[in-house]
Amino acid sequence: MIRQLAHICIHARDLDETARYYFDALGLEKGFEFKKDDVLIGYYIKLGHNTFIEVFKGAPGDPGNIAHVSLETDNLEELIQQIRAHGYEATDKKLGADSSWQSWSTDPNGVRIEFHEYTPESRQITGGTCLVSW
């Protein structure tokens, strides 16, 4: 049945700036491109294990269509420095209520990106109940 996330789709104000964020600042790779009449109109971004972010040129959807995208990393500190080195903001690393390390950034289209580094106690691994105070 359901195995994993296949992809999410975002609309980009600027395909080149969006590519710079995801490919340069985050170090991800392009999966493939969409072209119409020999003009680039979108692309897939590889996330691993056949999961992707699909990007198309166009006006972003109404606020709230995607609250955020969460990407897992195995070295959050290094990723934060890499994002900042490319001129983008990333919050400092903090331990979330789910016992996972997290940092937040925003792509050039206003999509909020949450980065997770799991710990042995992360609810994503252990299950159970995540008690929150927010």
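The values are calculated or read from the model by the stated rules, or taken from the named source; none is laboratory data. These numbers come from a predicted model, not from an experiment. No Cβ is skipped: glycine too gets one built from the backbone with ideal geometry, and neighbour counts run over all protein chains shown.
Which one of P108, P60 is out of contact with any Pro (no Cβ under 8 Å at 6 or more places or on another chain), modelled with pLDDT under 90 and surrounded by 12 or more Cβ atoms within 10 Å (Cβ to Cβ)?
On the way: P108 fails: modelled with pLDDT under 90.
Just one listed residue meets the conditions, P60.
Looking only at segment 70-110, count every residue that is in a loop (DSSP other than H, G, I, E, B) and either free of Cβ contacts under 8 Å to residues at least 24 places away in the same chain or touching a helix residue (DSSP H, G or I) at 6+ places or on another chain (Cβ under 9 Å) (or both) and tell me the total. Step through it out loud before you land on a result.
At the first step, the residues of segment 70-110 found to be in a loop (DSSP other than H, G, I, E, B) are 73-75, 86-93, 96-100, 107-110.
Okay, now just the ones that are also either free of Cβ contacts under 8 Å to residues at least 24 places away in the same chain or touching a helix residue (DSSP H, G or I) at 6+ places or on another chain (Cβ under 9 Å) (or both), so 73, 86-93, 96-100, 107-109.
Result for segment 70-110: 17.
Taking into account only those residues within segment 1-37 that are part of a strand (DSSP E or B) and small (G, A, S), which is surrounded by the fewest Cβ atoms within 10 Å (Cβ to Cβ)?
If we filter segment 1-37 for residues that are part of a strand (DSSP E or B), which is where we start, we get 7-12, 29-36.
Checking the rest, the ones that are also small (G, A, S) come to 12, 31.
On the way: A12: 24, G31: 15.
Per the stated criteria, the residue is G31.
Where residues in segment 38-49 are closer than 19 Å to I113 by Cα and touching a strand residue (DSSP E or B) at 6+ places or on another chain (Cβ under 6 Å), which of them is surrounded by the fewest Cβ atoms within 10 Å (Cβ to Cβ)?
K46
Across segment 73-90, what is the total count of residues that are surrounded by 14 or more Cβ atoms within 10 Å (Cβ to Cβ) and closer than 26 Å to T126 by Cα?
So the count comes out to 4.
In this structure, is E54 among the acidic types (D, E), assigned to a strand (DSSP E or B) and in contact with a strand residue (DSSP E or B) (Cβ under 7 Å, 6 or more places away or on another chain)? Lay out the reasoning, then the answer.
Numbers: among the acidic types (D, E): yes; assigned to a strand (DSSP E or B): yes; in contact with a strand residue (DSSP E or B) (Cβ under 7 Å, 6 or more places away or on another chain): yes.
Against the criterion (among the acidic types (D, E), assigned to a strand (DSSP E or B) and in contact with a strand residue (DSSP E or B) (Cβ under 7 Å, 6 or more places away or on another chain)), E54 qualifies.
Restrict the check to segment 61-69 and report whether at least one residue is in contact with a Ser or Thr (Cβ under 8 Å, 6 or more places away or on another chain), among the small types (G, A, S) and assigned to a loop (DSSP other than H, G, I, E, B). Explain how you work it out, then say what you get.
Initially, segment 61-69 is screened for residues in contact with a Ser or Thr (Cβ under 8 Å, 6 or more places away or on another chain), giving none.
Within segment 61-69, not a single residue is in contact with a Ser or Thr (Cβ under 8 Å, 6 or more places away or on another chain), among the small types (G, A, S) and assigned to a loop (DSSP other than H, G, I, E, B).
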